[in-house]
Amino acid sequence: MGKAGQSRYAQVYARAMNDPEGFWGEAARAIDWIKPPTKIFDKNAGVYGRWFVDGTCNTCWNTLDRHVDAGRGQQAALIYDSPVTGTKKSFSYAELLDEVRTLAAVLRDFGVAKGDRVILYMPMVPEAVFAMLACARIGAIHSVVFGGFAAKELATRIDDASPKLILSAACGIEPGRVVKYKPLLDEAIRLASAKPEACLILQRPQVTAVLTHGRDYDWGSLRDAARAAGKTADCVEVAATDPLYILYTSGTTGRPKGVVRDNGGHMVALKWSMHGLYGIEPGEIFWCASDVGWVVGHSYIVYAPLLHGCTTILYEGKPVGTPDAGAFWRVIAEHGAVAMFTAPTAFRAIKKEDPQGKFLAQYDLSKFRTLFLAGERADPDTLKWAEALLHVPVIDHWWQTETGWCIAGNPMGLGMLPVKHGSPTVPMPGYDVRIVDESNREVPVNQMGSIVIKLPLPPACLPTLWQQDDRFRESYTTEFPGYYKTADAGFKDSDGYLYIMGRTDDIINVAGHRLSTGGMEEVLSSHPDVAECAVIGIKDELKGEVPCGFVVLKSGVTRPPTDIEKEIVALVREHIGPVAAFKLAITVNRLPKTRSGKILRGTMKKIADGDTWAMPATIDDPGVLDEIGVALKGKGVGA
Ligand code: COA
Ligand code: AMP
C-alpha cells in the first residue's frame, strides 16, 4: 500500500487547482493537434466555459493514424474475445486503421458529414469500435445505445438525436438467449418521428436479419465493396469543441439526457488519465470489461487505451457462466492484461459462484498489476475479497456518464495513496469537490451533504446536454450556483478522502447500470388498471440494488392482482428493456404519503432493506407503513 508522503498527488492536484490553464495546456501537448489551441480555457464560451476553444484536431487520428506513423502498426490495437460465440480475433493498429477508414468511406458515401448524427445499436463486436472511430474520423457524432434497452428507449434516442444513419447488427448474445436486434430496431423506427435515411445491418452467424428493402443495407457487403474499390476516408478537421459523441443517460424522468462529449478536452483528459490515474504505459494491455453502450466502455474500452497506444480488449461475455467464474482470470492471463476495470457487481457475481477463488489457480496472472472498480458503490467485503484473492491493489473510483472520466480515484501513476475501504480516495486534478448543505454552504468533515464540483469542470466533462442548454443549467447548475450538482450524497474525511453514499435523486444503480425509477413509474402508470404507483431501489446482494414497484389499483378492478403484477413486469421489460431487471411488482391498497401528498419512498426503501427507520413526522396515516411491511414480507422481502 502506498504512503501519502511518497505520492506526487498533492503536488499535481495543487498545480491543476492553482494554474488550470498551465496544467491542461501541458497535458494537451500529448495530443496531435491540427491547429494547437492558443487559448486553453475560455470562460465566456458555452454554458460555463469551454476548453481548447481555438484548437482543431481529429480524435480518430490520435487513436490510430498517429500510432501507425510512429511505428506501432504491427502492435495489437484491439483484441476481440467472445466466449459467447467461441471467437477470438486480434487487430493490429494498421488493421484497425484499415477497417476504420474503409467504414468511414462507406458512411461518407451515404452522405454522412461533419456534425451529422449516427446511432449505433450494437452488441460487443469489433464493428462497434470500427463504427465509433469511423464517425470520429469524418467528424460525425455517434450515439451508442446499449443493446439491453428496448425499442421504446431506442426510439426516444432516435427522436432526440435525429440520426442520418443507424448502424446495428442482426443480434446480441446473452447467455442462453440470442437477442434479435432487427425487430427492436424496426419497432423503434416505427415509433420515432425522426426517421433515419438508411440502416447498415451487420449480419452474424447466429442470426440472419431480413433487411427492409430501400432502407437497410448489408454492412459486410458494403465494407467488402469499398475495400475492393480501395475507398478510404481521411480524417476531417474538427474544432476541439465540436461534439465527438452524444451518450444518453437516465435523467429524473423517462426522457434521457443527451450528454455531449467534445473532441479536444476529451482526448486531453483521457490521455492524462491513462498514466496519471491508471499507471499504464503505451504498449501495455488494458482491459475494461464494460459495454460500449456505457460511458466506461466509450472511455476505457475504446478511446483512452487507443489514444495511449495500448492494446484494448473487447470482451463479449459475462463474469460468470461464460463458461464459468474463471472467465476474467482466463482473459487477463491469456492476453497479458496489466490492469482491468469493471463494476463491483461483476466481482460479487464471481465471489458468489466461486467464494474460494478456486478457478484462479489455473491461470498465470503475473503481469496483472491493478484492478479498478467503478459504476456503483464498491462494498468493502467485495473489495477485501478481491484484494486477498488477487494480491494486487483494488482501486475503487467514482464516475458519472456526465464527467466521462473519474472524479475521484487513487492516482496509480502519481504514486498510490493508502486505500481506505469504502472511499474512492481523492479528487482527480481539475475537480474541486465540495460537500455542501441545502444552502450551498460547506459542511464540516465527516458530515454528509450534497456533493458538488466547483465550476468550471475539467476537460472531458460535458459542456452541455445535446441541444438543451437550459435543461443542462436546470439539472446541474441552478440548485447550487457556481457549482455542478453531482446528485450524489456523501462526505469527506479529515484526510480529504471522499465517500460516495448514494444518489439524491430518483436514479438507482442496478448491476452497475444507471436507471431512473421515475422513468419506471411512468411505465407502471401507463397500465390501465393502475391508479398510482411508486418505484424504489431495494438492496440486492448481487446487483447492489434492484427496482421494486408498488401499485395501487383503480377502484372497481376485479382481476387478480398477481395477473396485473405479471403484466407490469412484462410492460417494463417491453418499454425500458431487460436491463431494468424489474421483476418485483407489489399490489397495495394505498401508498404512504406526507400530509401534503408526497410519497414516502425513502421510508419504504428502509423498510424493504430491513434498515432501522423512524416514523416521518409529516406522515398522513402511520398505519400505511405497516401495510407496506406486510406486503413486502408477502413477497419475501424485508426484515
Ligand atoms: N443486450 C440484451 N440484453 C441484455 C444485455 C444486452 N447487451 N445486457 C444485459 N441484458 C439482459 C440480461 O440478459 C438480463 O436479462 P434477463 O432478465 O432475461 O436475465 C437483464 O438484461 C439484466 O442484466 P444484468 O443486470 O446484466 O444481469 P445478469 O443477471 O445478466 O448479469 C452480472 C449479472 C453481474 C453478471 C452482470 O450484470 C455484469 O456483468 N455486470 C457488469 C456491469 C457492467 O459492466 N457495468 C458497466 C458499467 S462499469
Ligand atoms: P453512470 O452515469 O452510469 O456512470 O452512473 C453514475 C453514478 O453511479 C454516480 O452518480 C454514482 O451514484 C454511482 N457511482 C459510480 N461510481 C461509483 C463509485 N465508485 N462509488 C459510489 N458510487 C458510484
By residue number, the members of region 342-369 that are away from ligand 1 (no atom under 16 Å from the Cβ) and open to solvent by less than 70 Å² (accessible area, probe 1.4 Å) are 357, 360, 363, 365, 368
Scanning region 183-208 residue by residue, those under 23 Å from residue 111 (Cβ atoms) and open to solvent by less than 70 Å² (accessible area, probe 1.4 Å) turn out to be 185, 186, 188, 189, 192, 194, 196, 198, 199, 200, 201, 202
Can you report the number of residues in region 507-554 which are more than 17 Å from the chain's Cα centre (by Cα) and assigned to a loop (DSSP other than H, G, I, E, B)? 7
For a quick check of your reading: which strands (runs of 3 or more DSSP E) sit entirely within region 16-122 and have at least 2 residues that are surrounded by fewer than 18 Cβ atoms within 10 Å (Cβ to Cβ) and not β-branched (Val, Ile, Thr)? 87-92
Going residue by residue through region 351-362, is there one that turns out to be touching a residue at least 12 places away in the same chain (Cβ under 8 Å), more than 16 Å from ligand 2 (Cβ to nearest atom) and within 30 Å of residue 137 (Cα to Cα)? no
Listed by range, helices (runs of 4 or more DSSP H) wholly within region 247-343 having at least 3 residues that are within 16 Å of ligand 2 (Cβ to nearest atom) are 264-276
When you go through (1) more than 30 Å from residue 60 (Cβ to Cβ); (2) among the small types (Gly, Ala, Ser); (3) not in a helix (DSSP H, G or I) one by one for residue 361, which number turns out not to apply? (3)
Anything in region 569-583 that is within 16 Å of ligand 2 (Cβ to nearest atom) and either of a type in the set (Gly, Ala, Ser) or assigned to a helix (DSSP H, G or I) (or both)? List them, or say none. 577, 579, 580, 581
Could you tell me which of the residues 292, 296 is open to solvent by less than 10 Å² (accessible area, probe 1.4 Å) and among the aliphatic types (A, V, I, L, M)? 292
In region 317-332, what residues are touching a Ser or Thr at 6+ places or on another chain (Cβ under 7 Å) and open to solvent by less than 10 Å² (accessible area, probe 1.4 Å)? none
Could you please tell me which pairs satisfy a Cβ distance under 7 Å, a separation of 6+ or placement on different chains, a first residue in region 376-393 that is in a helix (DSSP H, G or I), and a second residue that is open to solvent by 40 Å² or more (accessible area, probe 1.4 Å)? 380/421; 382/351; 383/421; 384/421; 385/351
Can residue 153 be described as within 16 Å of ligand 2 (Cβ to nearest atom) and assigned to a helix (DSSP H, G or I)? yes
Taking region 505-551 and keeping only residues that are more than 20 Å from residue 634 (Cβ to Cβ) and among the β-branched types (Val, Ile, Thr), one is left with 507, 508, 510, 517, 523
Matching residues, region 437-493, being closer than 25 Å to residue 42 by Cβ and among the aliphatic types (A, V, I, L, M): 452, 453, 455, 457, 460, 462, 465
Condition first: exposed (fewer than 15 other Cβ atoms within 10 Å of the Cβ) and within 15 Å of ligand 1 (Cβ to nearest atom). Can you find one or more residues in region 547-566 that meet it? yes
Given the condition more than 24 Å from residue 437 (Cα to Cα), within 11 Å of ligand 2 (Cβ to nearest atom), open to solvent by 10 Å² or more (accessible area, probe 1.4 Å) and modelled with pLDDT under 95, answer yes or no: does some residue in region 536-544 qualify? yes
Please go through (1) open to solvent by less than 40 Å² (accessible area, probe 1.4 Å); (2) under 29 Å from residue 351 (Cα atoms) for residue 604 and return the number of the only condition it doesn't satisfy. (2)
In region 401-420, how many are open to solvent by less than 10 Å² (accessible area, probe 1.4 Å) and within 12 Å of ligand 2 (Cβ to nearest atom)? 9
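The values are calculated or read from the model by the stated rules, or taken from the named source; none is laboratory data. Computed from a predicted structure; not experimentally measured. Neighbour counts are summed over all protein chains in view; Cβ atoms, including those assigned to glycine, are modelled from backbone coordinates with ideal geometry. Only protein heavy atoms, including side chains, enter the accessible area calculation; ligands, DNA and RNA are left aside. Shrake-Rupley method; radii C 1.70, N 1.55, O 1.52, S 1.80 Å.
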